[in-house]
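Worksheet for the structure shown next.
Read the figures in this text as sums done on the coordinates, not as results from a lab. Only a predicted model underlies this, so the values are computations on that prediction, with no experimental measurement involved. Don't worry about glycine lacking a Cβ; one is built from the backbone with ideal geometry, like all the others, and counts go over all protein chains shown.
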Amino acid sequence: MRSVGRIEDQAYIGNMRTGAHVDRDGAITMLSPERFDAPAVFARLLGTEEHGLWRIGPAADGAAPVADRRRYLPGSLVLESTWITRDGTVQLVDVMPTTGEAPHVVRIVRGISGRVTMRSLLRARPGYGRHVPAVRTEGHRASVDLEPGRLWFDTTAPTQAADGDLLSEFQVSEGETVSLTLTWSPDADVPPPLPDATGLLKETVDFWREWLGQSTYAGPNRDAVERSLITLKALTYAPTGAIVAAATTSLPEEIGGIRNWDYRYCWLRDSAFVVETFLSCGFVDEARAWIDWLRIAIGGHPERLQVMYGVAGERDLSEILLDWLPGHAGSAPVRAGNAAAKQLQVDVYGEVISALYEAQLRDPSLAPAVGPLVTDLAACLEDLWWRTDEGIWEVRGARRHFVHSKVMAWVAYDRAVKLIDAGHAQGPAERWRALREDIHAEVCARGYDEQRGSFTQSYGSAELDAALLQMVGTGFLPPTDKRVVGTIEAVQRDLSIRGGFVLRYHTRGAVPGRDGLPGDEGAFLICSGWLISALARIGRVDEAEILLDGLLGTRNDLGLMSEEWDPHQQQQLGNFPQGFSHLTVILAVLAVHAARSGQVLVRTGAGQ
């Protein structure tokens, strides 16, 4: 029995409602069939095989063999794994169709040469691996009882049910195919139609390629940009337009540590960054859908804004421990829900308003929706910007006056004033213009350390924070300002580790750090992207390109990235795939390409 390996051993398939993680041995190790944040029916990724999986691969007496090679079909999220055995060669194609009402996982086994015996073990364990369900077989269709709904398993391969498992064994020869599909239905009493596996595969490949064809980027590292675009699209929740931060919960930021969080929700900050990234590559529909979701989530009460929501706008994301799961690589606790939803994170207002502003620039028809949202949020921010908060990293220690939060408050009023001046919104432009000046003056006076020649993490602190690198592209100060250049250099000196990767801030091992948590973590990949973009903007393009090569080198064999990178153990850490990491690849590539091409790549703030 093969144990789960490293995080980067996982592949990912999805249907823009939920997704599945597929290990190198052909096992689906994580799947919540209903939607991203629903309880998983396969949870091996966070535990053991007894917590649920669905493996298909060559039959073996010992450990399940890993695929000899794997890839995504070009321009798609369709996974192809290949085993080369002494009996022949066989491929497994995994896809979650983007069409149709019922959520499917379609797995098609193809014989390439010889004759190979294959085995499918479907072990559904509802409730994150906690329950053994009732299973039934009738002809070529089997079912698994869930609460709610039912899973329907369809295949022509002989299938037996035993102890809550469904076991199928069959042979494939050259040119033969065998399809196995899993369909979730919310109505346990109404069987879904039999799926057409071949048709669903073709429709899904066509969907991804047609969607990707909208991309306007055609420069260097195009393959990396397109893989990241597809991954970000797969993290959207199509029924509402929400965008989740990542597709997993509780993958560790430190192996054996406690920094394990549930990222299957829509952070306003993360989703705003993703929207701006989509816009930078010519995708506007995703911005429209996100704005529609945002209006529903806010629900006419901007004063009750949360930093994150469920994909349908749910506000209650209470955090619980799934204490029957040992965690990935023994990293406990495993959590569902996220208590940070109730935090105050002042920067969110600036990031959301910036995304709304950029969307309106790309599509002026959005002005009637964008204008009221921006002015409502800016009005609420008047009573918040001056307060201490938990900041972008949602610390679980004491609140502080985070400099990044204040800079993003400045961004909020800068963009709001510009919208009003352009006639796209109505609001107190002169008051907000004055407030913008006040925030700017305060940050420069209280957030800048003359001795270090750098802005600092918070007022009165000598510590640094990689989030300060975002200042470079906001227009808060010109990129060539000595305070900006000094901050970039200070972050690079103080927070860079092996390979040039960047920590978000310093932790303190077993002693709780200023974030209120014990333990350490890897280098946050979005921070490396921010550094690359910052260096490109100030003209250090050669250096930026070297670091970009390192960032691209953290991707797994399929081009997927988790949240963090451990350069010492050369492995990924944190939830996977991670929206932050994929958007930063795109923006870093664009920044370096723009610098090499002599383009001006500055966000729309004019600076002072």
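Observations, loosely collected:
- Proximity of backbone amide H atoms, modeled 1.01 Å from N, is registered between Q171 and M118 at under 5 Å, excluding neighbours fewer than 5 places apart on the same chain.
- Taking one quarter of the surface of the C-alpha convex hull of region 306-402 gives a mean projected area of 8.6 nm².
- Stokes-Einstein D for region 357-433, Kirkwood Rh over Cα pairs, 25 °C, 0.890 mPa s (µm²/s): 183 µm²/s
- Helix 429-446 vs. the chain, principal-axis angle (Cα, 0 to 90°, nearest 10): 90 degrees
- The chain: angle of helix 367-381 to the longest principal axis, Cα-based, in degrees nearest 10: 70 degrees
- Principal-axis tilt of helix 525-537 within the chain, Cα atoms, nearest 10 degrees: 50 degrees
- Diffusion constant of region 42-107 at 20 °C, which comes from Stokes-Einstein with the Kirkwood Cα-pair radius and 1.002 mPa s, µm²/s: 155 µm²/s
- Estimated at 0.36 nm per residue, the fully extended path between D87 and E430 surpasses their Cα-Cα distance by 115.8 nm.
- Separation in nanometres of the label points that stand 7 Å from Cα toward Cβ, at R130 and W386: 4.7 nm
- Over the chain: helical MRE at 222 nm, DSSP H runs n ≥ 4 each giving -39500 (n - 2.57), nearest 500: -10000 deg cm²/dmol
- Potential lengthening between D68 and D206 on full extension [0.36 nm per residue; Cα-Cα distance subtracted]: 47.0 nm
- Restricting attention to the chain, the count of lysine pairs at 8 or more positions apart or across chains with alpha carbons under 20 Å apart stands at 4.
- Sum of side-chain charges, Q91 neighbourhood, beta-carbon under 15 Å (Lys, Arg +1; Asp, Glu -1): 0
- H301/R222 FRET efficiency (R0 30 Å; Cβ-Cβ; nearest 0.05): 0.10
- P(r) of region 457-608 over all Cα-Cα pairs, binned every 10 Å from zero, in whole percent: 11, 40, 35, 13, 1
- Residues with amide H under 5 Å from that of F455, placed H, sequence gap 5 or more: D449, T487
- Cα-based Kirkwood hydrodynamic radius, the chain, one decimal, Å: 24.9 Å
- Counted over region 56-191 with a bin width of 10 Å, the fraction of Cα pairs per bin, in whole percents, is 12, 39, 35, 14, 1.
- Furthest towards positive pole of dipole, G337, V172, P577, structure part the chain, Cβ charges: P577
- Furthest towards positive pole of dipole, G127, F273, L548, structure part the chain, Cβ charges: L548
- Euclidean distance between Cα centres, region 433-468 to region 202-216, Å: 44 Å
- Rounded, prolate or oblate (a/c below 1.5 giving rounded, otherwise prolate when a/b exceeds b/c) for region 327-478 by Cα gyration tensor: oblate
- Region 481-551 - Debye-derived log10 I(q)/I(0), Cα point model, q = 0.12 Å⁻¹: -0.35
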